[in-house]
Amino acid sequence: MRIIYGCNSQGQGHLSAAATLVPLLERRGHEVRVISSGPQPPNIYQFRWHRHFSGLPYALVGGRADPWQTVRNWCGNLPSTLTSLLDLKRMVQEFEPELIISDFEPMTGSPFLSPGCEVVSMCRQVALLDPNIPLPACSSIQQRITVTMVRCFTMGATRFHGFHYAPDSHRCVPPVIREDLLRYPVVQGKHLFIYNYHHTGKGELERLLNWSKRRGVPVRVYGFPGEIARGLHGNVLMQPSDRFQMLADLASCRAALVTSGLTTPLEAFLLQKPVVTIPLQNQWEQYTNAWHLELAGMAKMSTTWDYDAALELSAPTINHPAWSWLTTSPHRILDAILMENRQGAHSLREQFAA
């Protein structure tokens, strides 16, 4: 089957799922073309056929999501976005795909593409629109903006599957986890693991350095502000972007503090690490992720980088109720997406909900 796989490159979660699923699709004999969009090409991930567009990234200012700057950026980029969409439409007409899988990628999920085939929207964001999935009891302008953006990014889809932490709906599928994750040797080291630290506010680095020195706890940091030099700062090691080293540091840490994307808090949980998760300010999607993680007993939600709290948490175990669902093989997730198992996602949910 000829498949187009659309992937949003803002954040690592979408790319991580693509890096797992695309090779599996190719091993099954499918011809796959990857389309990504976002602020920068996914250079650390390599695909056999890949094209990147600038897309419609959201703006982050001072560690906070800025919806108004996002709208201004989108309006300013409208001519190049329309050009990219026309280029993609021509590519689709030439390739004649039999299926499009869109992981929150706005062009492959656009109704203007008119691909003449089924379009499956497969992303975490779809779960936030599912009426069967509980949401935190809050309503804000950020929530309305997020919901509107999700609807725009998935408007051309004909079928929907939302990554979720539990089988709360027949549309739910487990988040895609790298097959080698659970093969990492899990040890309890001494260091604290921090991810996406570039979203912190002013003065937070100095607070971390002082805390690490006072408590005598080594720290390994990924995703820090560009003006901070790599290397050792007291007890704090600023690590370059490296997926394999990052997982090794995560598997050997004492505890983890991470922002509230889909993938990294889940990986920390599955590596049996205590997790404190900090949603980006003014981003309702991350707030909801953190709320779901705490509701499931997988992480502690915090509005600050609470280093002491991370050291006080107990480590999760494989006896956690969500463990089997969250460690579902990517092959079985693909069966549901491709409907190769004719009962599809219904059977996947029913097996775990029983």
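Just so it is clear, none of the values below were taken in a lab; they were calculated from the coordinates. Just so we're clear, the structure is a prediction, and the values are computed from it rather than from any experiment. Heads up, the Cβs are rebuilt from the backbone with ideal geometry, glycines too, and the neighbour counts pull from every protein chain shown.
Here are the numbers for this structure:
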{"read-out": "Estimated 222 nm signal from helices in the chain, with DSSP H stretches of n ≥ 4 weighted -39500 (n - 2.57), rounded to 500", "value": "-11000 deg cm²/dmol"}
{"read-out": "Crossing angle, helix 284-295 versus the chain [Cα axis fit, 0-90 degrees, rounded to tens]", "value": "60"}
{"read-out": "Relative compactness, the chain, computed as alpha-carbon Rg over 2.2 N^0.38 Å", "value": "0.98"}
{"read-out": "Environment charge of Ser329, counting only residues whose C-beta is closer than 13 Å and scoring Lys/Arg +1, Asp/Glu -1", "value": "-1"}
{"read-out": "About the Cα centre, charge dipole magnitude for the chain (Lys/Arg +1, Asp/Glu -1 at Cβ), debye", "value": "480"}
{"read-out": "Which of Glu105, Glu312 has the fewest Cβ neighbours within 10 Å, and the rest in rising order", "value": "Glu312, Glu105"}
{"read-out": "Burial ordering of Leu266, Leu24, Leu15, fewest other beta-carbon atoms within 10 Å first", "value": "Leu24, Leu15, Leu266"}
{"read-out": "Over the stretch 183-323: Rg over Rh, Cα atoms, Kirkwood Rh", "value": "0.94"}
{"read-out": "From phi via Karplus (6.51, -1.76, 1.60), per-residue ³J(HN,Hα) for the stretch 13-18 in Hz, x at Gly/Pro", "value": "x, 5, 5, 4, 5, 5"}
{"read-out": "Kirkwood hydrodynamic radius (C-alpha pairs) into Stokes-Einstein, the stretch 142-181, 4 °C and 1.567 mPa s, D in µm²/s", "value": "107"}
{"read-out": "Most mobile of Leu313, Leu270, Leu232 in a GNM of the chain (Cα contacts under 10 Å)", "value": "Leu232"}
{"read-out": "Local electrostatic count at Leu135 - Lys and Arg +1, Asp and Glu -1, tallied over other residues with Cβ under 12 Å", "value": "-3"}
